[in-house]
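Read the figures in this text as sums done on the coordinates, not as results from a lab. Because the structure is a prediction, the values reported are computed rather than measured. Cβ: placed from backbone, ideal geometry, glycine included. Neighbour counts: every protein chain shown.
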Amino acid sequence: MGQHGLVAAMLLGSYLLGSVPFGLWIAKRLKGVDIRTLGSGNIGSTNVGRVCGPRAGAAVFCLDVLKGLLPPLVSASLHLGARWQVAAAMLAILGHNYSLWLGFRGGKGIATSFGALIGTTVRVVPPIAALFLLELVTLRYVSLGSVLSALALPFCIAWLYPGDNYRLAFGVVACVMAVYKHRSNVGRIRAGTEPRVRLPWDKKQ
């Protein structure tokens, strides 16, 4: 297989891996339910955790992170350039958000994006994670923390990877997709109907 064929196979594999709907499968396996019809209707770890329990949510989160992490790592192991590592990460996120197996529908891509960040722009992970956690322990909205982190992403990449246009483009596209995917959540936050998460130290109501 020549270089072009290797790149094409890697990119296709990245999208197909991203398309695997782990949240849907785990909810079906554990509870016999279609997670798309319950809670927020999202296949991601937050909704799975609410419907099926924290262990199921944690399993989905870890698997979705791996979907974003493995493609750029595989690309790097094949000695492909930074642009192909970024492209692989982006296609994994696209696969999750617009899954081939779900009629080009899917989740919101935050866990998969987190894995992609580890694989492509690991320096931005600490400030982005800190911003997300700060929002989570104060306002208790997973969605708002995700949106704020997405908005900060391009600026963090520009700061920590100066002059790297490939990574900056990745940050901008990932930001736009995350904000777009959370537009309904933003509407619910404004209306006061978005559910907040309960943290382990919160008192039971």
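For residues that are more than 17 Å from the chain's Cα centre (by Cα) and buried (at least 17 other Cβ atoms within 10 Å of the Cβ), scanning just segment 42-86, find the one that is farthest from GLY109 (Cα to Cα). Ranking the qualifying residues of segment 42-86, first place goes to LEU80. Hey, can you tell me all the residues within segment 133-144 that are out of contact with any His (no Cβ under 6 Å at 6 or more places or on another chain) and within 12 Å of LYS108 (Cβ to Cβ)? Listed by number, the list holds a single entry, VAL142.
For segment 162-176, residues that are surrounded by 17 or more Cβ atoms within 10 Å (Cβ to Cβ) and among the small types (Gly, Ala, Ser) total 2. In the set (1) of a type in the set (Ser, Thr, Tyr); (2) under 15 Å from LEU17 (Cβ atoms); (3) under 11 Å from the mean Cα position of the chain (by Cα), SER146 fails one condition alone, (2).
Taking first residues from segment 1-14 that are within 17 Å of ALA76 (Cβ to Cβ) and partners that are assigned to a helix (DSSP H, G or I) and β-branched (Val, Ile, Thr), the Cβ contacts under 7 Å between residues at least 6 apart in sequence or on separate chains come to MET10/VAL74. If you check ALA9 against the conditions, is it surrounded by fewer than 18 Cβ atoms within 10 Å (Cβ to Cβ) and either in contact with a helix residue (DSSP H, G or I) (Cβ under 8 Å, 6 or more places away or on another chain) or not in a helix (DSSP H, G or I) (or both)? No, not satisfied.
Under the condition of being on the phi < 0 side of the Ramachandran plot, assigned to a loop (DSSP other than H, G, I, E, B) and not hydroxyl-bearing (Ser, Thr, Tyr), the residues counted in segment 152-205 number 15. If only residues of segment 40-91 that are aliphatic (A, V, I, L, M) and not in a helix (DSSP H, G or I) are counted, the one that is nearest to LEU16 (Cα to Cα) is ILE43.
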